[in-house]
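Let me begin by presenting the structure, written as structure tokens, before commenting on it.
The values are calculated or read from the model by the stated rules, or taken from the named source; none is laboratory data. What you see is a predicted model; the values in this text were computed from it and never measured. All Cβ positions, glycine included, derive from the backbone under ideal geometry; neighbour counts span all protein chains shown.
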Amino acid sequence: MNAPWKSGLPGNRDPFAAYICDDNALDVLRPVIIEMGWQPEKCNKGGLRNAIQSLSVSASPAILVVDLSESGDPLNDINALAEVCEPGTVVIAIGQVNDVRLYRDLLASGIHDYLLKPLSAQQLHDALNQALAIFTAPKAGEGESVKRHISTAVVGTRGGVGASTLATSLAWLFSDHHESPTALLDLDVHFGTGALALDLEPGRGLTDAIDNPSRIDGLFIERAMIRANDNLSILSAEAPINQPLMTDGSAFVQLEEEFRQAFEMTVIDLPRNMLINFPHLLTDVNLVVLACEFTLASARDTIRILSWLKTNAAHAHPMIVANKAQLNVAEISRSDFEASIERKVDFVVPYDVKAASNAAKLGQVFVDANRSSKASAVIKQIAERIMGASEEDLSSVTEEKKSLLGGFDFKSLLAKKDKTEAEPAE
């Protein structure tokens, strides 16, 4: 059994809880708990089944003592406990069956220790001190190096530029091609398509997080997120459209914090309105993929968002991606677009309506459904650029320009557009 308490982060939780079947064991345990400075009220009447029922609706403690005396199948019941027990918990089992095979099987399942009844105060004291030492000891690699984590926000300059297509494709590539544990957070709470693109039901995880930010912890993340593949989990929503979004954004920030602890990569599908309403969402984002198109409106809004990023998120490295590009029929040329925003476009993803339709029919993300398309090849290059970025690359900011708005000449661009439209097609 892969017991979840074997590898996890402590988080904020009660230091101790016990679920004991008989009064004699409780009478021995309570004085030891008081001596260790914990609350005797955390010693509950009832054994392993009661523990499973209680922990399925509440956070588990740092140290958990469970009584197996009334369990007919201890190993199966321990497996059930593992399903509800929060990562990081140290579990001590007590029972009345003196069987070496059972003892070994319990230790193999992830239990820290197995104590036989009748209990002694010294026996309990020693076991609890050992459990406390294990819980507070530095984890492997802790303090030696900071865990690598890259957080990428994908923002569309206009509706329909394909920001969600890029976000789901990048998340899938990080998890599948690069085999990195990845979280996809779709913050279009009412109309998000992250789960839809992966042919999944979004569930209530995101709306529950918004309604109850205090519940967000490692256990909540484990239960609320929908698994798309072995390395990709998604948090999305289809909130009722008659319910407006009522939040100060604290839930989103807390989710990002938990993602940093649990995953190596985070991809945030971030609508423009969320960027404006909750600027603190970018506090710990390393890179912003700005999805745009070669139109006047997109050029204008690219300038505005780049300017906003310089003021509000100077630490986040912007990457300009022109998506669904049709260079021969574009409203403005790539060179004019780049001159207007006063920087180069990093990647141009060609428009492929057949590939997009194919992905929708198959219920797969774009790059998964169309692995040999030219558009997928460019998106793979974007993913490789993000994966290969060093900390210096991610923290660097593009060179400041004189005036972003000053370089935008609407008249000349409109004149070029009118001239192009007036010329007869060959």
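The table below lists the values:
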quantity	calculated
Total residues in region 199-216, condition part of a loop (DSSP other than H, G, I, E, B) and within 16 Å of the chain's Cα centre (by Cα)	4
Candidates THR165, THR182, filtered to the one that is buried (at least 18 other Cβ atoms within 10 Å of the Cβ), in the same structural domain as ALA316 (by TED's automatic domain parsing), within 19 Å of CYS292 (Cα to Cα) and among the polar types (S, T, N, Q)	THR165
Among residues of region 226-262, those that are closer than 24 Å to PRO279 by Cα, in contact with a Ser or Thr (Cβ under 6 Å, 6 or more places away or on another chain) and either at pLDDT 90 or above or outside the structural domain of TRP172 (by TED's automatic domain parsing) (or both), counted	1
Residue list for region 217-248, restricted to those being in a helix (DSSP H, G or I) and surrounded by fewer than 19 Cβ atoms within 10 Å (Cβ to Cβ)	GLU222, ARG223
Number of positions in region 351-367 that are among the charged types (D, E, K, R) and in contact with a helix residue (DSSP H, G or I) (Cβ under 6 Å, 6 or more places away or on another chain)	1
Enumeration of residues in region 91-118 that are of a type in the set (A, V, I, L, M, F, W, C) and either in the same structural domain as ASP217 (by TED's automatic domain parsing) or surrounded by 21 or more Cβ atoms within 10 Å (Cβ to Cβ) (or both)	VAL91, ALA93, ILE94, LEU106, ILE111
Helices (runs of 4 or more DSSP H) contained in region 262-371 and holding at least 1 residues more than 25 Å from LEU184 (Cα to Cα)	296-312, 334-341, 353-362
From the options ALA325, ALA359, ALA355, ALA369, residue that is under 19 Å from ALA297 (Cα atoms) and assigned by TED's automatic domain parsing to the domain that holds ALA163	ALA325
Residue in region 79-90 that is farther than 18 Å from LEU219 by Cβ and either crowded, with 20+ Cβ neighbours inside 10 Å or of a type in the set (Lys, Arg) (or both) present	no
Those residues of region 42-58 which are surrounded by fewer than 17 Cβ atoms within 10 Å (Cβ to Cβ) and within 31 Å of the chain's Cα centre (by Cα), in sequence order	GLN53, SER54, SER56, VAL57, SER58
